[in-house]
Amino acid sequence: MADVLDIQEVSRANPFATMDLDPVREWLRITHTDEDDALRTYMAAAERQASIWCHASFAQTTLKLTCHGHNTNANSQGDYEPIGLVRGPASSVTSVTDGTTTVTTGLVMDDRLPQRLYLPAGLQGNARQDITVQYVCGYASWAAMPGHVQHLLLLTLAQMYSQRNPVVVGTSVAEVPWTLAAAIAGCQREALP
């Protein structure tokens, strides 16, 4: 039986609030700084949209994931069922609790995607129960983001910036541009559990 998941966003950083906008201006061929505040807003919106498309968190985000009815008993080989950390990539796990026991140290997760958290000894063997995991995922800054994520965000930003008016006379959009669709697909493959 699969876990039923509840995901709550505890906090979300804005990695674009203080970033150097030179790469963004260069990408958009903007030669002035008059629109910097608007560009930061567009970057945050582009990150949010790309996160939705890719089922990931690109801006550093603290999430609280509750797995209702998680099987904490060992299988016949003595292995415990790990918890899939959604909307990764996860960088750290803050705490794991079953409602009575909270563990904050000795938490182990894999580095490969999709990332999984292995339950600590204090939470194993109590049959099916609700397990809540609080963890940090995403990237703290623009510089920390991999190139393919930066590329996706710049493509999304360019689309938002060039189409910032609600009605564009003389154009008809039938589908997402192929470069944007390819960038989305690449990030989805890496982020999906």
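Which one of THR101, THR179, THR171, THR94 is open to solvent by 30 Å² or more (accessible area, probe 1.4 Å), at pLDDT 85 or above and among the β-branched types (Val, Ile, Thr)?
None of the others qualify; the one that does is THR94.
Report, by residue number, each residue of segment 24-34 that is free of Cβ contacts under 8 Å to residues at least 12 places away in the same chain and either within 15 Å of the chain's Cα centre (by Cα) or open to solvent by 80 Å² or more (accessible area, probe 1.4 Å) (or both).
GLU26, ARG29, THR31, ASP34, listed by residue number.
Pairs please, first residue from segment 110-136 and part of a loop (DSSP other than H, G, I, E, B) and modelled with pLDDT of 70 or more, second anywhere and open to solvent by 20 Å² or more (accessible area, probe 1.4 Å) and of a type in the set (Lys, Arg), Cβ atoms under 8 Å, 6+ apart in sequence or on different chains.
Final answer for the pair search is ASP110/ARG116.
If you check ARG48, ARG29, ARG40, which single one turns out to be under 30 Å from THR132 (Cβ atoms) and not acidic (Asp, Glu)?
So the residue among ARG48, ARG29, ARG40 that is under 30 Å from THR132 (Cβ atoms) and not acidic (Asp, Glu) is ARG48.
Considering only residues of segment 13-23 that are under 16 Å from LEU154 (Cβ atoms), of a type in the set (A, V, I, L, M, F, W, C) and modelled with pLDDT under 90, which is most open to solvent (accessible area, probe 1.4 Å)?
Restricting to residues being under 16 Å from LEU154 (Cβ atoms), of a type in the set (A, V, I, L, M, F, W, C) and modelled with pLDDT under 90, the top hit is MET19.
Spot the failing condition for ALA46; the list is (1) at negative phi; (2) touching a residue at least 24 places away in the same chain (Cβ under 8 Å); (3) surrounded by fewer than 19 Cβ atoms within 10 Å (Cβ to Cβ), and only one is missed.
So the condition that ALA46 fails would be (3).
Do we find a residue being closer than 24 Å to ALA185 by Cα and in contact with a Ser or Thr (Cβ under 6 Å, 6 or more places away or on another chain) anywhere in segment 24-40?
No, there is no match, as no residue in segment 24-40 is closer than 24 Å to ALA185 by Cα and in contact with a Ser or Thr (Cβ under 6 Å, 6 or more places away or on another chain).
The values are calculated or read from the model by the stated rules, or taken from the named source; none is laboratory data. Source: prediction; values computed, not measured. Using ideal geometry, Cβ is built from the backbone for each residue, glycine included, and neighbour counts are taken over all protein chains shown. The area values use the complete protein model at the heavy-atom level, side chains included, leaving out ligands, DNA and RNA. Shrake-Rupley method; radii C 1.70, N 1.55, O 1.52, S 1.80 Å.
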